[in-house]
Amino acid sequence: MTELRTAVPADAYEVARVQVRSWRSAYRGLIAQEFLDGLEPEFFASRYTFGRVGLRLPSTVIAVDGAAILGLATTGLCRDDDCPNFGELMAIYVDPAHVHRGVGRSLLAAARERLRRLGVAGALLWVLDGNAPARRFYERDGWRSDGACRTTTLGETFGCALVRQVRYRCQPL
């Protein structure tokens, strides 16, 4: 039975393992394979702020089944200057072995609820331009592209990957 709970520091490595598996599956063909093959859980685990609390700090909820972590969703205040009083879905990843089982929908609902509790006017997220499955997932939930796009660099630690992203908004939550 899948349950949702807030991530704690002891979850970092296992959450990072899920994120690595998710990236390798979802971004195949969108990001260089050598970049994906070089990803290690430590790359993500060292960046998480699990256990730290504050309005300006991101919050991560995880989906678990017993001791197994199935997915994660991270939310926080929007980092884009042109969207004051907005929240942001900063990350949502589901272990590929658990895709199409409702885990992502549950995580997305929990993320929206957290953003509602923050009292923001709406939310946004950034998604890889070519990630059609993720874009359909967001669109089914009421998110819409707002026309903004950017090129960003992933993984300065080991061979950078440049990616094009498009921005989606959800308003109201």
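The values are calculated or read from the model by the stated rules, or taken from the named source; none is laboratory data. If you're wondering where the values come from, they're calculated on a predicted model, not measured in any experiment. Using ideal geometry, Cβ is built from the backbone for each residue, glycine included, and neighbour counts are taken over all protein chains shown. Please note that ligands, DNA and RNA were not included when accessible areas were found on the heavy atoms of the full protein model with its side chains. Shrake-Rupley method; radii C 1.70, N 1.55, O 1.52, S 1.80 Å.
Annotations for the structure displayed:
- Criterion: outside any loop (DSSP other than H, G, I, E, B) and open to solvent by less than 20 Å² (accessible area, probe 1.4 Å) - qualifying residue of R167, R105, R112, R117: R167
- Residues that are assigned to a strand (DSSP E or B) and either touching a helix residue (DSSP H, G or I) at 6+ places or on another chain (Cβ under 6 Å) or basic (K, R) (or both), drawn from the range 88-102: L89, I92, Y93, V94
- Among the residues of this structure, G142 does not count as one that is of a type outside the set (S, T, Y) and either open to solvent by 50 Å² or more (accessible area, probe 1.4 Å) or assigned to a helix (DSSP H, G or I) (or both).
Residues checked against (1) of a type in the set (F, W, Y); (2) under 14 Å from S59 (Cα atoms); (3) modelled with pLDDT under 95:
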residue: G76; (1), (2), (3): no, yes, no
residue: F86; (1), (2), (3): yes, no, no
residue: M90; (1), (2), (3): no, yes, no
residue: S106; (1), (2), (3): no, no, no
residue: L125; (1), (2), (3): no, no, no
residue: A132; (1), (2), (3): no, no, no
residue: E139; (1), (2), (3): no, no, no
residue: G147; (1), (2), (3): no, no, no
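- Selected residue (only one of L55, L30, L36 is more than 20 Å from E113 (Cβ to Cβ) and open to solvent by 10 Å² or more (accessible area, probe 1.4 Å)): L30
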